[in-house]
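**Student:** Below are the structure tokens for one structure; questions will follow.
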Amino acid sequence: MRRGLVKRSVATLYLSVLLTASLISPANGIIGGVPDTTSNNIVVRLVRPSGYYCSGTLVARTWVLTAAHCLADSSGQLFGDLSNAVVATADGIAGRSGAISKVLAVVAHPDYNPSTFVNDIGLIQVNDVFGDVYAELATADELKAVEDTFSTGIASGFGRTTQNGSGTSSPLEVKLALLAQNYCRSNWSYNSPYEFTYVCAQVSTTSTTCQGDSGGPLFVIAGGTRRVAGITSFGAIRCGESYSVFTRASSYLPFLQSYGIGTPDVVIPELPALPPLSVVVAAPVLPSMPGTPNAPLPKFITTRIFQLVLDSAGSNRCVWDIDGPQALRGYKVSIYLKKVATKPTFRKVLNEFGDTTGVFKMSCRNVRTAGVFITTESSGVRTRVPE
């Protein structure tokens, strides 16, 4: 692989001018976002001679996870204009040289389709200068647990802060309700087919990912930590008018593991040399497709992600146990009797197994008639818990 493509003094001067000219802007970014103080040294900004253009996530000491379309120039040519590209965290943008690296090599998924954005996932190899701080990948079950309960994920990036505005010098985050796969498929509004390698999120024009957030992470909370579940891929022509769509990271484990991500004992293959510097007319933006407005979130759903066990302890006492997925351990939940109950009967925290228990002061027969419903924290959708 080609390293040291420009002399150090030239690279330093180039980076200094580039950061001053195109990166520094008010830190009030992702539309409707707030500063991402949790993962600001994990989320990176991608910069090349034409300027800032994408986001990414450190997922290993020397690897940045991003979207494949972030590795293309304005003509759609993969790996164009990357020989002088750099990546930087917020600290790097602020001037700390230890949080900046040149792009050493890049790889896109071999089946990436630039017309439909299927398999929109890629990797950037960087120098080991980021302090061994990186995000872990979420498992398929950890993501499914959040999707199936319409709970929130966290999108982060350096993108536009308004529909036609500029980016930000530090990453911002926004909480988005993730949609169950079947719900997203049945309400799909884009003019390309739905794929099960997508993750869908409910957004609005005032709370959404936008241009410049491409390649950035969609986090879910699992085991008390943020884990990468998706990569920002595409949205509607006007940001927030239809679902934001992310590449499902867990669908690409063989691709990622072949580069040593998620499996530390893998031998990393030698990558091809970077192509010569190519001219870019305009930096790519978050891909967009014509779409129709979001369908409203359902108020009530039934899912098998939780299971109810009832045990009579007398005529007016019913011991209940709700078994959930371990991926939701530590989540706060509210438990309701009756579909239209306005106040929860219990507020609980799921234990290390994703379970919780308690006692209703009525017979189990009456509990079954009323129905038991649950909501997880940050979810507006009430789920019926079946026996």
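The values are calculated or read from the model by the stated rules, or taken from the named source; none is laboratory data. Since we're looking at a predicted model, the values are computed, not measured. Don't worry about glycine lacking a Cβ; one is built from the backbone with ideal geometry, like all the others, and counts go over all protein chains shown. The area values use the complete protein model at the heavy-atom level, side chains included, leaving out ligands, DNA and RNA. Shrake-Rupley method; radii C 1.70, N 1.55, O 1.52, S 1.80 Å.
**Student:** Evaluate the distance, in nm, between pseudo-label points positioned 7 Å from the Cα of Ser258 and of Asp132 along their respective Cα→Cβ axes.
**Tutor:** 3.0 nm
**Student:** What accessible area, in Å² to the nearest ten, does a 1.4 Å probe give for Thr38?
**Tutor:** 90 Å²
**Student:** Taking only protein heavy atoms and a 1.4 Å probe, what accessible area per residue, in Å², does the stretch 124-197 have with all protein chains in place?
**Tutor:** Per residue, the stretch 124-197 has 38 Å² of solvent-accessible surface.
**Student:** Compare Phe353, Phe255, Phe219 by solvent-accessible area with a 1.4 Å probe and give them largest first, with all protein chains kept in place.
**Tutor:** Phe353, Phe255, Phe219
**Student:** Right, next: Can you give me the solvent accessible area of Glu241 with a 1.4 Å probe, rounded to the nearest 10 Å²?
**Tutor:** Ignoring ligands and nucleic acids, Glu241 comes out at about 90 Å².
**Student:** Something else: What's the magnitude of the charge dipole for the stretch 297-387 around its Cα centre, counting Lys and Arg as +1 and Asp and Glu as -1 at the beta-carbon? Answer in Debye, nearest 20. Show your work: numbers first, answer last.
**Tutor:** Numbers: 15 positive and 7 negative charges, 102 e Å.
For the stretch 297-387, the charge dipole is close to 500 debye.
**Student:** Turning to a different aspect of this structure: Mean separation of Cα pairs under 8 Å and 6+ residues apart, divided by the residue count of the stretch 98-204: what relative contact order is that in percent?
**Tutor:** That works out to 20 percent.
**Student:** Also, quick follow-up: For Lys332, give me every one of the lysines with a C-alpha distance below 23 angstrom, ignoring sequence neighbours fewer than eight places off in its own chain.
**Tutor:** Once the sequence-local lysines are set aside, what remains near Lys332 is Lys144, Lys175, Lys299, Lys343, Lys348, Lys361.
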